[in-house]
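To start, the structure itself, in structure tokens.
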Amino acid sequence: MNSTIATLALQALLGRRRFLLLVAFPVLMVALTTMITVMTGLEDPAWTLVGELGYTLVLPLVAILAASSVLGPEVDDGSIVYLLSKPVNRHVVAVSKWVVAWATTLLVGAGSVFLAGVVAGGGDRAAGWAVAGLVAGTTYSALFLALSALTRHAVVIGLAFVLVWEGLLGGLLSGVAWLSIGQWGARVGHELSRDLPDPVGLPWAIGASVVVTLAALWFAGDRLRSFALTGDE
């Protein structure tokens, strides 16, 4: 990891309007959970909001915005070529940017899921969703960084992936769970709270998360190397 590149990535993330959008969704989700808990006095509707809105939608959305913010703008305006002209290993560049996106995803995304869980009732269930967010957020941020290195339309494609594959098909077809990042995270969180789903085996959930994360980071670094060679972006 290169601290200078990570610092520049953080400045780019904090200095864009996209960051306000990134924070707005988690804040709204926590506020809705609080309102439902206070107004109804019931835990079930609030927990449904934590799982169906916070974990399933807000967390990956934060990962998309964070990953695209630390790399996408440089690809769009061509300044990535100047960064890659420096004598720094391309995989180090990718990992440095991912660390910023990963930390943001965990702090804002997984953190808001945990906070909403505390508001909804706390206990093992909130801890389970927090661990699920940690696992899924780690993999999401790596995957969406690789997507940002691949295409300028990473946000659109990422949203389609979350809404269609993770959301729609994941809810209709049980087999999709074996290839769903969200379901992998939920399975790990199930070890802390039996209220979380367990659609796949624990070894598969952990192994698949690690493999996809490492593969995505390797691909992002390899893709950045192609930028330096061809300058096609």
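Over 27 Å from ALA116 (Cβ atoms) and in a loop (DSSP other than H, G, I, E, B) - does that describe any residue in segment 152-170?
yes
Looking only at segment 45-56, decide whether some residue is in a loop (DSSP other than H, G, I, E, B), modelled with pLDDT under 90 and either within 17 Å of ALA149 (Cα to Cα) or touching a helix residue (DSSP H, G or I) at 6+ places or on another chain (Cβ under 7 Å) (or both). First the steps, then the outcome.
Step one: of segment 45-56, the residues in a loop (DSSP other than H, G, I, E, B) are none.
No.
Restricted to segment 96-111, and to residues that are aliphatic (A, V, I, L, M) and over 30 Å from THR40 (Cα atoms), which residue is surrounded by the most Cβ atoms within 10 Å (Cβ to Cβ)?
Start the filter on segment 96-111 by keeping residues that are aliphatic (A, V, I, L, M), which leaves 99-101, 103, 106-108, 110.
Of the ones still in play, those that are also over 30 Å from THR40 (Cα atoms) are 99-101, 103.
Details: VAL99: 19, VAL100: 27, ALA101: 29, ALA103: 16.
Among them, the one singled out is ALA101.
With touching an Asp or Glu at 6+ places or on another chain (Cβ under 8 Å) and either on the phi < 0 side of the Ramachandran plot or modelled with pLDDT under 90 (or both) as the only criterion, which of VAL30, VAL38, VAL75 stands out? Even if it seems obvious, please write down each step before you answer.
On the way: VAL30 fails: touching an Asp or Glu at 6+ places or on another chain (Cβ under 8 Å); VAL38 fails: touching an Asp or Glu at 6+ places or on another chain (Cβ under 8 Å).
That would be VAL75, the only listed residue that is touching an Asp or Glu at 6+ places or on another chain (Cβ under 8 Å) and either on the phi < 0 side of the Ramachandran plot or modelled with pLDDT under 90 (or both).
Counting only residues that are in a loop (DSSP other than H, G, I, E, B) and in contact (Cβ under 8 Å) with a residue 24 or more places away in the chain, which one in segment 85-118 is nearest to ALA220 (Cα to Cα)?
Within segment 85-118, the first condition is being in a loop (DSSP other than H, G, I, E, B), and the residues that meet it are 85-89.
Now drop any that are not in contact (Cβ under 8 Å) with a residue 24 or more places away in the chain, which leaves 85, 88-89.
Values: SER85: 17, VAL88: 14, ASN89: 12 Å.
Only one residue fits best here, namely ASN89.
Here's the yes/no breakdown for (1) of a type outside the set (Val, Ile, Thr); (2) touching a helix residue (DSSP H, G or I) at 6+ places or on another chain (Cβ under 7 Å); (3) surrounded by fewer than 15 Cβ atoms within 10 Å (Cβ to Cβ):
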site	(1), (2), (3)
VAL113	no, yes, no
GLY117	yes, yes, no
TRP129	yes, yes, no
GLY133	yes, yes, no
TYR140	yes, yes, no
SER148	yes, yes, no
PHE161	yes, no, no
GLY175	yes, no, yes
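Of these, GLY189, GLY221, which one is small (Gly, Ala, Ser), within 25 Å of ASP44 (Cβ to Cβ) and either over 18 Å from the mean Cα position of the chain (by Cα) or modelled with pLDDT of 90 or more (or both)? Write out each step before concluding.
Working: GLY221 fails: within 25 Å of ASP44 (Cβ to Cβ).
On inspection, the qualifying residue turns out to be GLY189.
Any residue that is of a type in the set (Lys, Arg), under 27 Å from TRP204 (Cα atoms) and over 12 Å from the mean Cα position of the chain (by Cα) - is there at least one of those in segment 104-125? I'd like the intermediate steps shown before the answer.
Within segment 104-125, the subset of a type in the set (Lys, Arg) is 125.
From what's left, under 27 Å from TRP204 (Cα atoms): 125.
So of that shortlist, the ones also over 12 Å from the mean Cα position of the chain (by Cα) come out as 125.
Checking segment 104-125: at least one residue is of a type in the set (Lys, Arg), under 27 Å from TRP204 (Cα atoms) and over 12 Å from the mean Cα position of the chain (by Cα).
The values are calculated or read from the model by the stated rules, or taken from the named source; none is laboratory data. What you see is a predicted model; the values in this text were computed from it and never measured. Neighbour counts are summed over all protein chains in view; Cβ atoms, including those assigned to glycine, are modelled from backbone coordinates with ideal geometry.
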